[in-house]
Amino acid sequence: MRTNNKPTLVILAAGMGSRYGGLKQMDTFTPEGDAIIDFSIYDAIQAGFGKVVFIIRKTFENDFKAIFNKKLVGKVEVKYVFQELENIPEEYINSKRIKPWGTGHALLMTKDVVTENFAVINADDFYSRQAFNAIAAQLRNTEKNSYNFSMVAYSLKNTVSDNGYVSRGDCTIDDNGFLTDITERVRIEKIDGILKTENENGEMIPVDENTTVSMNFWGFTPKCFEFGDELFLDFLKNNKENLKAEFYLPLIVNQMLVSKKATVKVLESDSKWFGVTYSDDKEKAQIEINKLKKNGVYPTNLWN
């Protein structure tokens, strides 16, 4: 059944930027003061998204609102939700923990403000216009009470940094183009020109550069939230004392797949990723953005 509701864009922007050395989600990359996130929002609006939901830390709130409310007023509805360490049942709070609980926990923070079909992205990744058009079309044609989910996938070789390791979701896809499994690879790195990933024994082993990976660009209906809550409680019970454990969004996706109740259609993109995992990635991102503006893909001033 076709739905005419405009989809919502949920942006994961609560990270602390430890490897980057600062809040990369608000760093600027053009003389006009554009962050990478500006291009995702611009592409989403062009593709027909009607609302943007930022997941941030409370300490970022004033800075985020000062930047984005001004840019986006009259262009798209904007909401903010907060991912805080204490946004969990009281019995699981650990005063020693500093690191946020991960992307899966972040997603659960949006369930009271997201009632439409929606896409989820990282704040610091550039995904491409084609990717937003593809997932917008998928979401518009998905019944919001269904368990028919989707994702945009990329080729691993197009998503790595020259400046250190990255985390990617390693995807297994069936012959009909549906996701059957996703494994979070928390360390993938180019070493002596060869892509390698860390195995369960801490050894770096070669990985196929054509591996299909997730960049956390998901398409969900509101039904996804029912999978997350119970799974997160189980995670907290097992990891209360683990100060580095993270509840990754792919854990929720895998639970959806295990249930046999949900499907995830894979929309493959041949676009080349760029983003800013490390501060040394910034120069390359600036060059790529300048090319896109120069070639007319984006106007010089996105929001004027």
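Bear in mind these aren't lab numbers, they're just calculated from the coordinates by the rules spelled out. Note that this is a predicted model, so its numbers are computed, not measured. Don't worry about glycine lacking a Cβ; one is built from the backbone with ideal geometry, like all the others, and counts go over all protein chains shown.
Annotations for the structure displayed:
- Cα pair count fraction exceeding 26 Å, expressed as % - segment 71-188: 36 percent
- Exceeding the 23 Å Cα-Cα cut-off - candidates K144/K237; K272/K293; K79/K157; K65/K144; K79/K144: K144/K237; K79/K157; K65/K144
- Between N295 and N145, the distance separating the two model label sites (each 7 Å from Cα on the Cα→Cβ line) works out to 4.4 nm.
- Backbone phi angles across segment 196-202, fed through the Karplus curve with coefficients 6.51, -1.76 and 1.60 (θ = phi - 60°), yield HN-Hα couplings of 9, 10, 7, 8, 5, 9, x Hz in residue order; Gly and Pro are listed as x.
- Computed over the chain, the percent of Cα pairs more than 32 Å apart is 22.
- Segment 199-304, dipole about Cα centre (Lys/Arg Cβ +1, Asp/Glu Cβ -1), debye to the nearest 20: 520 debye
- Inverse mean reciprocal Cα-Cα distance (Kirkwood Rh) of segment 204-304, Å: 17.7 Å
- Multiplying the residue separation of E61 and D280 by 0.36 nm and subtracting their alpha-carbon distance yields 76.2 nm.
- Estimated translational D of segment 1-149 in µm²/s (Stokes, Kirkwood radius over Cα pairs; 20 °C; 1.002 mPa s): 132 µm²/s
- Hits among aspartates and glutamates - C-alpha to C-alpha of K260 under 15 Å, sequence gap 8 or more where chains match: D174, D181, E226
- In terms of its C-alpha gyration tensor, segment 39-115 has a prolate overall shape, because the principal axis ratio a/c (a ≥ b ≥ c, square roots of the eigenvalues) is not below 1.5 and a/b outweighs b/c.
- Built amide H within the under 5 Å cut-off of F29, gap 5+: D34, A35
- Using the Karplus relation 6.51 cos²θ - 1.76 cosθ + 1.60 with θ = phi - 60°, the per-residue 3J(HN,Hα) values for segment 51-56 come to 8, 10, 10, 8, 9, 9 Hz, with x marking Gly and Pro.
- Over segment 265-304, the ratio between the Cα radius of gyration and 2.2 N^0.38 Å evaluates to 1.44.
- Footprinting exposure proxy ranking of I173, I37, I287, fewest other C-beta atoms within 10 angstrom first, gives I287, I173, I37.
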